[in-house]
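The block underneath contains the structure these notes are about, expressed in structure tokens.
No value in this document is a laboratory result; all are computed from the given coordinates. All values derive from a computational prediction rather than experimental measurement. When we count neighbours, we look across all protein chains shown, and the Cβ atoms used for this are built from the backbone with ideal geometry, even at glycine.
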Amino acid sequence: MANPVKIKAVVTEAVHHTGSVASYRFAPQGRVPKFHAGQFLHIALDEYHPDAQWPESRVFSIASAPSARHEELAVTISVKGRFTERIFQTLEKGSECWLKLPYGEFLFPPDRHLTLIAGGVGITPYLSLLKQMLEEKSGQGVALCYGVRSAEYYLFEDLINRCEAELPNFGKTVWCEDGSVPGEKGILNIDAIHSAAPEHSLFYLSGPPAMIRSFKNRLRDLGVEAERICVDDWE
Ligand SMILES: Cc1cc2nc3c(=O)[nH]c(=O)nc-3n(C[C@H](O)[C@H](O)[C@H](O)COP(=O)(O)OP(=O)(O)OC[C@H]3O[C@@H](n4cnc5c(N)ncnc54)[C@H](O)[C@@H]3O)c2cc1C
């Protein structure tokens with residue numbers, strides 16, 4: 001795994017999807033180390049001086065493709081508390097910030113079937129993988145199970161549709177609480193997801209902590225070995 005590197009970055013695009021969720025693209029101003037889909041970075045808003053301490057920062061999944069790292073890095077952020085509110089209110093096109101990467105062990109083996117379960121903004125650690133799979137025209141078996149509150153929260157529809165159209169072994173099911181997105185109505189159903197998965201699929205869980213806890217317990221009750229359950233723990 002590459003050693004984490006600190007890089008200044010300029011925001012090239014800021015998109016507010018809702019009143020509390022936004023995506024940012026950054027143009028890195030230095031050498032970006034190799035990273036893997038599923039890894040995360042730190043964002044600091046205050047100036048970093050190499051002879052001083054790293055400023056206050058928070059961590060976010062890298063949402064851009066690993067191959068694009070010299071041109072762009074991307075994240076999607078949901079406002080949670082003080083720091084994410086500051087990001088949401090202050091980062092705009094042209095803003096400078098500092099990034100530190102790569103980190104994390106939420107990785108996707110290329111030779112296994114993957115069942116990717118995302119609750120809301122928990123979709124973010126999968127975006128890099130989906131972009132990489134499109135570039136590689138990957139034949140890997142992937143089932144994306146995405147739970148959203150309503151159509152307003154259904155992010156990255158174009159990317160997901162492209163995966164469905166262009167990848168031979170990619171499938172998606174969207175669970176939408178108010179039924180405003182085509183698919184299943186209601187919240188993610190772990191029993192249905194489990195019964196649709198091939199025998200040796202790896203289950204990836206990303207989303208609210210309560211969802212992760214209950215899905216992990218239920219998968220274990222259903223006989224899924226701990227080694228086949230991978231969790232992106234945001235707590
Ligand atoms: C691996 C990983 C990937 C993630 N990916 C994403 C993502 O892609 N998108 C997304 O929206 N969220 C993501 N998160 C969650 C995100 O990091 C939190 O929502 C964010 O840290 C909230 O910060 P906050 O200050 O706004 O919220 P708060 O709830 O106020 O603070 C969150 C935590 O920050 C720490 N903290 C508080 N004050 C300080 C301080 N002064 N200095 C240092 N630490 C402090 C505390 O541990 C606190 O519990 C991820 C988290 C992890 C662990």
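At-a-glance table
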| read-out | value |
| --- | --- |
| Segment 169-214 - convex hull of the alpha-carbon atoms, volume per residue in Å³ | 100 Å³ |
| Cα gyration tensor category, rounded, prolate or oblate, for segment 94-215 with a/c compared to 1.5 | rounded |
| Within segment 72-155, GluC sites (Glu not before Pro) in DSSP loop having at most 14 other beta-carbon neighbours inside 10 Å | Glu92, Glu105 |
| The chain - share of DSSP beta bridges that are antiparallel (%, nearest 5) | 55 percent |
| For Trp175, Trp54, order by how many other beta-carbon atoms lie within 10 Å, fewest first | Trp54, Trp175 |
| Overall dimensions of segment 127-185 as given by Cα atoms, namely Rg and Dmax in Å | 11.8, 35 |
| Segment 1-52 versus segment 121-156: alpha-carbon centroid distance in Å | 20 Å |
| Listed residues Pro109, Pro28, Pro125, most fluctuating in the chain (Gaussian network, C-alpha, under 10 Å) | Pro109 |
| Two-decimal log10 I(q)/I(0) for the chain, as the Debye equation yields it once each C-alpha is a single scatterer, q = 0.13, 0.16 Å⁻¹ | -0.79, -1.17 |
| Enclosed volume per residue, in Å³, of the convex hull spanned by Cα atoms of segment 102-141 | 88 Å³ |
| For segment 5-103, Kirkwood radius (reciprocal of mean inverse C-alpha pair distance, Å) | 13.4 Å |
| Straight-distance crosslink candidates among lysines, where the alpha carbon sits under 27 Å from Lys172 and sequence neighbours closer than 8 are dropped | Lys131, Lys137, Lys185, Lys216 |
